[in-house]
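Bear in mind that the values in this text are calculations on the coordinates, not laboratory data. Predicted model, so just to flag it, every value in this text is computed and none were measured. Glycine gets a Cβ as well: all are built from the backbone with ideal geometry, and neighbour counts include every protein chain shown.
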Amino acid sequence: MTSSTLNIGIMGASGRMGRMLLQAADNNPKTKLAGAFVRSVSSLIGVDAGEFIGTGKNGVALSTLDVSGIDVLIDFSLPEALDDVLAQCVAQKKPLIMGVTGLNAEQEAKLTAASQEIAIVYAGNFSTGVNLSLNLLATTAKVLGLEADVEIIEHHHKHKIDAPSGTALMMAKSVADARKQSLKTALVHGRHGAAKRTAGDIGMHAVRGGEIVGEHTVEFIMDGEIIEITHKAQSRTTFAAGAVRAAVWAADKPAGLYDMQDVLGLKNAS
């Protein structure tokens, strides 16, 4: 390892995404796994992270959160851990890559406040493909405006806690912003009863089952034609690699709240 290698810490290391992040941090030539953090009640505390993911002993033991020995923290754990994560990262000026979905309004406000002190990359999805899709959605929505009825259908595995997914909400916001709508008033979750569709609605439908990694389709439905923009994730490794990429990008950035559009340089893309 060179002196410029970035020391990465993973919060939620024992989870589905956590395992992938442990591997991704070791696979990236610009980073090194330096911390693997789990809940204080976890029975895995003390287990070697390398042995945990089956790559061989690496000397990094699973432990409770302590950011003192890392350069950047990646958090894909649960909303309940947010206060401790923010407190430690702000106190020790450590950039944070926040991949936790399902944060409430109060928690998002705390995240925004912390971003005045440290660099935070906050995204509902860290894949390159999804973030390219957001640009396509914005362009399509801007051109079609309210002439198209928009419906979003997302599929995830049966273990996923939050619905709709963070990615689906990002897609809905991309459409709403492009059409100069308020997402809060335009979003309609599911459909039931006898009411007609209202012009400008953005329909949202969450499907849960099996072991689906993540599939999102946005339909622009017009009289005579339909445009569908779909992204299918075939492995969680794409999210993990994107999060590590974000960590490398954020390491030397000033305090602020960023997203993957910033990391990928897409915000000013035509």
Item to complete: Give me H189, H216 ranked fewest to most by other Cβ atoms within 10 Å of their Cβ, as a rough exposure proxy.
Response: H189, H216
Practice prompt. Based on the mean of other Cβ atoms within 10 Å per residue, sort peptides 145-152, 224-231, 97-104 so the most packed one is first.
Written response: 97-104, 145-152, 224-231
Discussion item. Could you tell me the center-to-center distance, by alpha carbons, between segment 28-82 and segment 209-234 in angstrom?
Written reply: 34 Å
Item to complete: Give me the aspartates and glutamates in straight-line cross-link reach of K232: C-alpha distance below 18 Å, same-chain residues under 8 apart excluded.
Response: E151, E154, E211, E215, E219
Worksheet entry | Degrees between helix 237-250 axis and first principal axis of the chain (Cα, 0 to 90, nearest 10) | 70 degrees
Worksheet, complete the sentence: Filtered hits (lysines, Cα-Cα < 22 Å from K57, offset >= 8 within chain) -> K30, K32
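When a/c is below 1.5 the answer is rounded, else prolate if a/b is larger than b/c, else oblate, so apply that to the chain with a ≥ b ≥ c taken from the square roots of the Cα gyration tensor eigenvalues.
prolate
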Worksheet, complete the sentence: Gyration tensor on Cα atoms of segment 128-233, a ≥ b ≥ c root eigenvalues, a/c under 1.5 rounded, else prolate if a/b beats b/c, else oblate, says oblate
Fill in: segment 66-158: trypsin sites (Lys or Arg not before Pro) in DSSP coil with no more than 11 other Cβ atoms inside 10 Å
K93, K158
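Taking neighbour counts of Cβ atoms within 10 Å as a proxy for exposure, in what order, fewest first, do D75, D26 appear?
D26, D75
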